[in-house]
Amino acid sequence: MRLRLAAVAAALLLIPAPAMTGQAAAAAPPAGCGLRSLGAMPLVGATTAGTALDATYPGGPRVYSVTSSASGPALLGVRNALDGTLIAERPLALALGSWAVSVAPDHSVYVGSYNATAGAMGRLFRYVPDTGQVIEAGIAVPGETFVWTVEAGPDGGSVYGGTSPTGRLFRYDVGSGRTTDLGSPIPGQQFVRDLAIDDDGTIYAGIGSQAMKIAVVGPDGATKKIIDAPIEGDGSAYDLDLAGRYLLVRFVTTTATNPMGIYDLEKGRWTRVVDDVDSLTVGGGVRGHEAYLFQNDELVKVDLKSGRVKKLGFTDFGGGAARTLGWIGHTLVGTASTGKLWTYDRKSGKATTFESTLTGQPVSVRSMGVGPDGRIYGGGFFTGGLAAYDTATGQTQFWPNVGQSEGIVTHKGKLYLGVYPGARIYEFDGTEPELLLSLTEQEQDRPFAMVSAGDLLAFGTVPKTGTAGGALGLYDPATGRTVIRRNIVPNHSIIGLAYRDGVVYGATSAFGGLGRPLDTAAYVFAYDIATDTVKWKSAPVPGDLALGSITFDETGHLWGMTPDALFEMDPATGQTLRTARHQVYSWSSQTQVWLDTAIEADAGVIWAKAQGKVYKVDRTTLAFSLVTRPISLMVKAPDGHLYLSRNENFSTYRVCGS
């Protein structure tokens, strides 16, 4: 797996699902009209991005992991490092999760968190294991939403951290409890992504998201030197560690490769670059002149002097992204971002993976769709999972370990999932998902758009980070035949699909995986399946760089919803019949706009969602009426009502009358 740095994280690979959980009883579906809460989608998981090892804790070695939560609070979990048993869990107030966990010389544990809500933001916590108490140190830097890294100084008296979105460095004084903003080591950069601190107090700060530089900083925050990356391109100096005379830096680039540079501090130059490293950390596996890392989801041993790589055969680390934490004797301890803990004995070559003992937390709903049984299906973000809600009975069902579904659709009586990464298409029969195809080799990642197209399943994709040009895919479940058409609209992603009478209609985004738009407008196109040709393409809303969801009404007109406009088209010619602006959107400041809309057509009415708002639109006047906010996802079920989600929260809007 190659980790892509997105807003907060990378998504997890799909793992074959165990037996499905049983159905859970729920309250009867609500009566009446208007908005009604349905509680939470039953999506739970133990996503642990931030973890650390205390190999010398007097009571026995411990692993500290933070389990993220859709609405918070995140939980700090304490486990036995050798068998994964749970010792304790503590809530981290106002934190949604963490990538930054570090153990100080006195065995205190420091956690930097993330939360974009005013008054919460990126906070710092200290856990004292002897008392089991969590000390809240408050917001690290006002205005910064994410603390990406924390690292204690050599004497433990100071703890340093790095933030985003303006790339600040801060220092926390343990004695006084005071936090000082040390400014941006390289002004204008978004991330201080990771830190490594030498025995003399020198700080090495990994910077991104364009520079990929390392700032050499004094304890007072003054930048002394800038080390340029040994590779070209954009991205972040994602993980830093010191190993004797070497500084190890893992870079995450916009080309989706993650090389590790080896910098000789005595010679002041880069000596080697290891082609690609999947593990989130590189220093935790260092032993002498060897580093134990993951490449292509397999543990390998790298000689830091010669650069030679030896495969070790260990691949069953628990899925997601692996993190090497450190050594207990000759045993390497690590975790997976799925919450599992693993050990590897370098002498015997024996590896053991332990099931997660952490308490699962609510997972945000990433996608929703209507299943062949009329139930509402929801896919989970990051940790994944799949849930179903019966609109007639209120019963729910949950399947763990199903990957992050970007698209969900019913085709010919079966449920299909479009899963990230690799734009993988699965058929789901209610027990275990079956992989049908993957577009990894076509450089595709996110199959947001899916539609039943006659005998075929059609899907549209966003390419992987560092590339441009989405794809239109057609799959015949009866024969397995697949047609992939990339760059139907050059350099555009395909984020919305509709179908009628042998023609697939697609809506595009000018954004792909490059962090910038590659055109001045987004398009709707009409693809004739029989002739394998594009009949027409048109930009229905000039200036809009991404369109979004599209659908047909009962008269045969094509409707679409963008982040700032509603449009109506003649599908025969591509002519735009009407548009209506519903709000302002700051296109000039966007680095990616994919799927942010939903649309459903009723007789005389359009139900539409954009920018967190759900509207009822009169089709005659195109007058907008706000239904509710904030909402992330919207679908219309066969019972005629709308089903909505926001984070893990699930609700319904009962449609009554016209």
### Query
Can you tell me which residue in segment 207-259 is nearest to the chain's Cα centre (by Cα), limited to those that are of a type in the set (S, T, N, Q) and surrounded by fewer than 18 Cβ atoms within 10 Å (Cβ to Cβ)?
Thr257
### Query
How many of the residues making up segment 241-257 are at pLDDT 95 or above and in contact with a Lys or Arg (Cβ under 8 Å, 6 or more places away or on another chain)?
0
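Here's the yes/no breakdown for (1) among the hydrophobic types (A, V, I, L, M, F, W, C); (2) open to solvent by less than 10 Å² (accessible area, probe 1.4 Å):
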position	(1), (2)
Val309	yes, no
Leu312	yes, no
Leu325	yes, no
Ile328	yes, no
Gly339	no, yes
Trp342	yes, yes
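Give segment 167-196 a look and list any residue that's of a type in the set (S, T, N, Q), modelled with pLDDT of 95 or more and closer than 23 Å to Thr591 by Cα, or say none.
Ser184 - this is the single residue of segment 167-196 that is of a type in the set (S, T, N, Q), modelled with pLDDT of 95 or more and closer than 23 Å to Thr591 by Cα.
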### Query
Are there any pairs, at least 6 apart or on different chains, whose C-beta atoms fall under 8 Å, with the first in segment 502-513 and under 19 Å from Thr467 (Cβ atoms) and the second at pLDDT 95 or above and among the charged types (D, E, K, R), and if so, which?
Ala510/Asp519
### Query
(1) in contact with a strand residue (DSSP E or B) (Cβ under 6 Å, 6 or more places away or on another chain); (2) under 17 Å from Gly34 (Cβ atoms): which one isn't true of Cys656, the others all being true?
(1)
### Query
Filter segment 118-131 for residues that are open to solvent by 10 Å² or more (accessible area, probe 1.4 Å) and in a loop (DSSP other than H, G, I, E, B); which is nearest to Leu96 (Cα to Cα)?
Met121
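Matching residues to (1) of a type in the set (Gly, Ala, Ser); (2) closer than 22 Å to Ser625 by Cβ:
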position: Pro517; (1), (2): no, no
position: Tyr523; (1), (2): no, no
position: Ser538; (1), (2): yes, no
position: Phe567; (1), (2): no, yes
position: Trp594; (1), (2): no, no
position: Gly604; (1), (2): yes, yes
### Task
Kindly state which strands (runs of 3 or more DSSP E) lie completely within segment 358-476 and contain at least 3 residues that are modelled with pLDDT under 95, surrounded by fewer than 24 Cβ atoms within 10 Å (Cβ to Cβ) and not acidic (Asp, Glu).
none
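The values are calculated or read from the model by the stated rules, or taken from the named source; none is laboratory data. Worth saying up front: this structure is predicted, and the values here are computed from it rather than measured. Backbone-built Cβ (ideal geometry, glycine too); neighbour counts: all protein chains shown. Side chains are part of the model used for accessible areas, which takes the heavy atoms of the whole protein and leaves out ligands, DNA and RNA. Shrake-Rupley method; radii C 1.70, N 1.55, O 1.52, S 1.80 Å.
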